[in-house]
Amino acid sequence: MFMSAFPQYLQQRGFTATQMGLVASGYTICAMVMRIFAGNLIDTKGRRVMCLIGLAMFGFPIFGFYMGPAIAFIVVLRFFQGFGSSLATIATGTMAPDVLPKERMAEGIGYYGLFNSMATAIGPAVGISFLLKSQTDRFFIVGMLLIVAAMGVAFTVNYEKKAKKTSSDGKPELVLSPEEEAFERLAEAEAAEDEKKLFIWKFFDKKAIPAAIISTLITFSTTSITNYVSPFGISIGLSAIGSFFTIQAAFMVVSRLVSGKLAARIGVFKTIVIGLLLDVVAMMLLSTMTNNAMMFAAAAVRGLGGGLYFPLLNVLAVQKAAKSRRGKATSTYYAAYDVGSGIEAPIWGLVADHLGGYRSVYFGAGCLYVISIAAVYILVGRKEK
């Protein structure tokens with residue numbers, strides 16, 4: 001709700017497109033800084049504990065927004081939310097593959113993503129509706145209640161205790177099958193060698209780099225939707241722009257259901273490419289959008305495309321990492337998302353303000369998706385063959 005509707009709140013407070021881009025960039029930079037430490041913290045301190053801390057860090061600023069602070073304080077609070085969002089999303093993103101069998105991980109991650117899609121379907125429409133009706137207080141109250149509910153659910157997660165045993169030296173160890181133990185030993189040995197060669201691998205996982213590179217390139221384009229589609233729609237008088245994210249998420253639910261099965265049939269590379277081609281079409285529709293019907297079509301096509309490749313990229317990031325390092329692998333993957341968002345958000349804002357407006361933003365984003373397809377071929381397609 002906040003990611004998609006918050007730019008509208010900033011616009012109501014008098015922010016320009018460039019300033020909104022800078023706020024979004026600061027948020028993602030803070031999130032990216034947290035990624036450096038989050039993976040290691042999650043792997044060593046536990047998934048649930050870090051998830052709860054992250055949710056609290058995201059929720060506290062919402063109370064601050066509710067108090068109607070000065071513009072400078074809004075920026076500070078939003079940056080602080082970046083830290084909390086980063087920690088919480090990495091924790092939950094690590095929990096999902098922890099409990100999934102390898103042979104069904106793509107399918108399981110797809111189902112996990114359904115709940116994100118459901119939130120994306122409902123949240124933006126509700127949030128933008130509150131703001132368009134000048135019900136800012138309700139917007140923030142609902143946000144606070146949702147955080148409290150999320151923390152309540154996180155308290156019930158206890159699989160880590162059930163999945164651990166105590167070794168001879170009193171330290172907890174994961175209960176693994178013989179095959180999993182062999183994989184863990186090999187993966188941890190390779191990771192130890194990587195750490196000796198380069199200090200950064202103490203915080204990230206090298207095996208997640210291919211998925212991270214692809215994620216960065218894709219995020220260069222998706223940031224244009226997250227931060228600017230709402231102001232764009234309002235600027236050209238589209239009355240139903242609040243429905244964009246709902247429609248996108250609804251169609252993303254559909255494609256997530258078939259993503260894993262389609263990849264098993266035709267391969268990961270082809271499935272990702274189909275998704276990216278659909279996104280190219282969506283961006284071209286946005287760049288020429290003049291009415292609600294074109295907006296609805298763009299949202300539907302974008303949802304179908306993203307739903308196909310997002311679960312597969314998540315699996316690519318964690319499937320070769322040791323279970324004890326999945327927090328670091330997930331952190332690597334999400335850090336790539338933050339890099340893409342942090343770089344492109346202000347750039348798209350400048351394009352919107354000075355280089356042809358929002359239509360130029362979406363035409364450029366479509367061109368970047370084509371470049372992403374080439375990267376997918378190099379990093380995934382050649383190896384798959």
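Side notes on the structure shown:
- Residue within the stretch 77-87 that is over 26 Å from PHE130 (Cα atoms), touching a residue at least 40 places away in the same chain (Cβ under 8 Å) and not hydroxyl-bearing (Ser, Thr, Tyr) present: yes
- Helices (runs of 4 or more DSSP H) contained entirely in the stretch 272-379, each with at least 1 residues that are touching a residue at least 40 places away in the same chain (Cβ under 8 Å), of a type in the set (Ser, Thr, Tyr) and under 29 Å from PHE79 (Cβ atoms): 326-354, 358-376
- Residue match in the stretch 104-120 (condition: in a helix (DSSP H, G or I) and more than 25 Å from SER331 (Cβ to Cβ)): no
- One residue stands out in the stretch 1-58 among those that are more than 15 Å from the chain's Cα centre (by Cα), not in a helix (DSSP H, G or I) and not polar (S, T, N, Q): the one that is surrounded by the most Cβ atoms within 10 Å (Cβ to Cβ), namely PHE15.
- Count of residues meeting criterion [modelled with pLDDT under 85, buried (at least 19 other Cβ atoms within 10 Å of the Cβ) and of a type in the set (Gly, Ala, Ser)] in the stretch 217-249: 5
- Any hit, the stretch 204-211, residues being at pLDDT 75 or above and closer than 30 Å to ARG359 by Cα: yes
- Filtered residues of the stretch 33-89 (kept if under 24 Å from GLN19 (Cβ atoms) and charged (D, E, K, R)): ARG78
- Of residues in the stretch 336-362 being modelled with pLDDT of 85 or more and under 17 Å from LEU217 (Cβ atoms), the one surrounded by the most Cβ atoms within 10 Å (Cβ to Cβ): VAL361
- If you go through the stretch 251-273 and pick out every residue that is surrounded by fewer than 19 Cβ atoms within 10 Å (Cβ to Cβ) and either over 24 Å from GLN319 (Cβ atoms) or of a type in the set (Val, Ile, Thr) (or both), you end up with 3.
- Check on ASP98, acidic (Asp, Glu) and surrounded by fewer than 19 Cβ atoms within 10 Å (Cβ to Cβ): yes
The values are calculated or read from the model by the stated rules, or taken from the named source; none is laboratory data. None of the values given here were measured: they were computed from a predicted structure. Positions of Cβ are generated from backbone atoms using ideal geometry, with glycine treated the same way; all protein chains shown enter the neighbour counts.
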